[in-house]
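Novice: A single structure is presented below for examination.
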Amino acid sequence: MKVKIDKHKLTDDELIVYNKPKKVYIPLISGNDTNITILVNKGEYVYKGSIIAKRKGDFRIPIHASVSGTVLDFEERVCYNGEKVKCVVIENDFKEKIEQKLSVKKTINKYSKEEFLELIKENGIIGMGGAGFPTYVKYEAKNIDTLIVNAVECEPYIMADYALAKVKCEEILETIDAILEINKIREAIIAIKKENIALKQLFDSFIGTYLKIKIKLVPNVYPMGWEKTLVKQVTGKDYANYPSDEGIIVNNVSTIYAIYEALKYNKPLIERIVTFSGEGLENPHNVLVKMGTPVKEILDEFKIKPDSIIVAGGPMMGTKVEDLVVSPNLNCVLALENNLNMATPCIECGKCVSVCPVKLSPVLIMKTKYKKEKDIKKFKSLHPEKCIGCGLCSYICPAKLFVRERVKEAKDIVRGDK
């Protein structure tokens, strides 16, 4: 069963800049990994772009300061996943000092493969539309034939990639072309929803002599932006573990532009565009914002209505939070009307089963109680670990139950996270 979801997109897609946080709280998290080595001390002065921490383990991705100023402390703040994580607190001196002048590369397609990998690794480039997977790891894969650029943004409200493409379309195409040449990839396909004619026309107007880059229109159904669904729709291929198994890499538009800034200016990932929207905001906007900025500052700027619920991410896959700070894979913040008291008992209609893209039975997972170790077999037999968190089960539920949240709890239990 395919589901078409109301758009709720901004009518005013103007991009504005918010660059005046008094303090930033840089989250010490990379993807979902909080095993981070801190490289700065209290009282230390840091420059914009300085490495302040580094992920341990296999993917040693650095984390950078988004402002220049003094390290005040280390505090816990809520991040995109709704969890509290330790943050480096930096007092902004508003001088935007950098340690060394950024060099500008005239042409970005002349790097060797090794130089390319090192640049995007050391500049902390990660996936900016999902789980925050280190981008350089994808390009280490062998025999990549196709790059898919995800410009779908299938969740309601979210327009961060569109706002970016509107002002940086030429740079995005230049980067895609450079990625193909450096990595010897045969073709790139930009996936755009059929109804988003304005975005297609924008890319068409600049695509010119980029003969290896094509545009593919995809249906406006949810979850078309999910990597597995998108790969199937665009190429007809399925994969078991990763798209690279089938010679495919998927990057979203924001990630592509972050790669551009790394190649062109050796600039780390210290800012991003976030959509601030929802019925609870009087002035919704797409905003270019520094990493670690407290979201409350921006919501207050846009006049949030009393009693609104704050959601990190889109309405389908997002997480209800009290407050949070901006991180690389936070693409949207919503202020929604409070309707938490609308839920009624489950009527076992089975609609959640009919819409699940990975063929789970959310209603059974939701109703299975976990009591010590004896019930773990029951949970495992229902395979909640396959859940992609798309939120369709909650969206379709006529009883307005938080089905997705219950499935996520079961997923955490099976994986040993609880």
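Novice: Please give the FRET efficiency for residue 245 paired with residue 338, using the beta carbon to beta carbon distance and R0 = 51 Å, rounded to the nearest 0.05.
Specialist: On the way: r = 44 Å, r/R0 = 0.86.
Calculated value: 0.70.
Novice: Could you rank the peptides 154-161, 19-26 by their average count of other C-beta atoms within 10 Å per residue, with the highest value first? Don't skip to the answer; put the middle values down first.
Specialist: Working: 154-161: 25.0, 19-26: 20.2.
Output ranking for 154-161, 19-26: 154-161, 19-26.
Novice: Follow-up question, since we're still on this one. Looking at segment 176-272, which GluC sites (Glu not before Pro) are DSSP coil and have at most 16 other C-beta atoms within 10 Å of their C-beta?
Specialist: On the way: sites: 181, 187, 195, 227, 246, 261, 271; in loops: 195.
Passing sites in segment 176-272 are 195.
Novice: Can you pull out the trypsin sites (Lys or Arg not before Pro) in segment 266-350 whose DSSP state is coil and whose Cβ has at most 16 other Cβ atoms within 10 Å?
Specialist: Numbers: sites: 272, 290, 296, 303, 320; in loops: 303.
Answer in residue order: 303.
Novice: Among all cysteines in the chain, which have no other cysteine Cβ under 4.7 Å from their own Cβ?
Specialist: Result for the chain is 79, 87, 154, 169, 332, 346, 349, 356, 387, 390, 397, no neighbouring Cys Cβ within the cutoff.
Novice: Show me the chymotrypsin sites (Phe, Trp or Tyr not before Pro) within segment 178-258 that DSSP assigns to loop and that have at most 15 other Cβ atoms within 10 Å of their Cβ. If you can, show how the numbers build up before the last one.
Specialist: Working: sites: 203, 206, 210, 226, 239, 257; in loops: 210, 226, 239.
Answer in residue order: 210.
Novice: Which length gain, in nm to one decimal place, applies between residue 307 and residue 141 when the Cα-Cα distance is subtracted from 0.36 nm times their residue separation?
Specialist: 55.0 nm
Novice: Find which of 152, 72, 280 sits farthest along the positive direction of the dipole of the chain, computed with +1 on the beta-carbon of Lys and Arg, -1 on that of Asp and Glu, about the Cα centre.
Specialist: Most positive-ward Cα: 152.
Novice: I want to verify a result. In a Gaussian network model of the chain, Cα cutoff 10 Å, which of these has the top mean-square fluctuation: 172, 347, 185?
Specialist: Comparing 172, 347, 185 in the GNM, the peak value goes to 347.
Novice: Here's a follow-up. Would you mind classifying segment 1-141 by shape? Square roots of the alpha carbon gyration tensor eigenvalues, ordered a ≥ b ≥ c; an a/c under 1.5 is rounded, otherwise it is prolate if a/b is larger than b/c and oblate if not. Please report the intermediate quantities before stating the final value.
Specialist: Details: a/c = 1.34, a/b = 1.12, b/c = 1.19.
Rounded shape, in that the Cα axes give a/c under 1.5.
Novice: Do you know the relative contact order of segment 113-265, to the nearest whole percent, from alpha carbon pairs under 8 angstrom that are 6+ apart? Please report the intermediate quantities before stating the final value.
Specialist: Working: 227 pairs, mean separation 54.7, N = 153.
Across segment 113-265, relative contact order equals 36 percent.
Novice: Here's a follow-up. For residue 221 and residue 183, compute 0.36 nm times the residue count separating them, minus their Cα-Cα distance, and round to one decimal in nm. It would help to have the intermediate numbers written out before the result.
Specialist: On the way: separation 38, 0.36 × 38 = 13.68 nm, distance 3.19 nm.
Computed gain between residue 221 and residue 183 is 10.5 nm.
Novice: Here's a follow-up. At a threshold of 8 angstrom on Cα-Cα distance, excluding pairs fewer than six apart, so keeping six or more, what relative contact order does segment 199-335 reach in percent?
Specialist: Values: 163 pairs, mean separation 24.0, N = 137.
Reported relative contact order: 18 percent.
Novice: Which entries of 142/264; 56/290; 20/216; 97/142 have Cα-Cα distances beyond 31 Å here? All intermediate terms of the calculation are to be shown ahead of the outcome.
Specialist: Values: 142/264 25 Å; 56/290 24 Å; 20/216 39 Å; 97/142 39 Å.
Beyond 31 Å between Cα atoms: 20/216; 97/142.
Novice: Let me ask another. If each of residue 99 and residue 210 carries a label point 7 Å out from its Cα toward its Cβ, how far apart are those two points in nm?
Specialist: It is 3.2 nm.
Novice: Counting other beta carbons within 10 Å of each Cβ, put 406, 186 in order, fewest first.
Specialist: Numbers: 406 19, 186 11.
Ordered by Cβ neighbours within 10 Å, fewest first: 186, 406.
Novice: For segment 267-342, rounded, prolate or oblate, judged on the Cα gyration tensor with a ≥ b ≥ c (square roots of eigenvalues), a/c < 1.5 rounded, else prolate if a/b > b/c? List each step's numbers first, then the result.
Specialist: Values: a/c = 2.19, a/b = 1.64, b/c = 1.33.
Note, shape of segment 267-342 comes out prolate.
Novice: Moving on to the next point. At a Förster radius of 30 Å, what calculated FRET efficiency corresponds to the Cβ-Cβ distance of residue 349 and residue 232, to the nearest 0.05?
Specialist: Efficiency, rounded to the nearest 0.05: 0.60.
Novice: I need the shape label for segment 113-265. Rule: rounded when a/c is under 1.5, else prolate if a/b > b/c, else oblate, with a, b, c from the alpha carbon gyration tensor.
Specialist: rounded
Novice: Within a Cβ distance under 12 Å of residue 212, other residues only, what is the Lys/Arg minus Asp/Glu net charge?
Specialist: Working: positive: 184, 186, 214; negative: 145, 177, 181, 187.
Overall, the nearby charge balance is -1.
Taken together, the values in this text are just the output of simple stated rules run on the coordinates, not laboratory data. Keep in mind that what you see is a predicted model, and the values were worked out from it rather than measured. Neighbour counts are summed over all protein chains in view; Cβ atoms, including those assigned to glycine, are modelled from backbone coordinates with ideal geometry.
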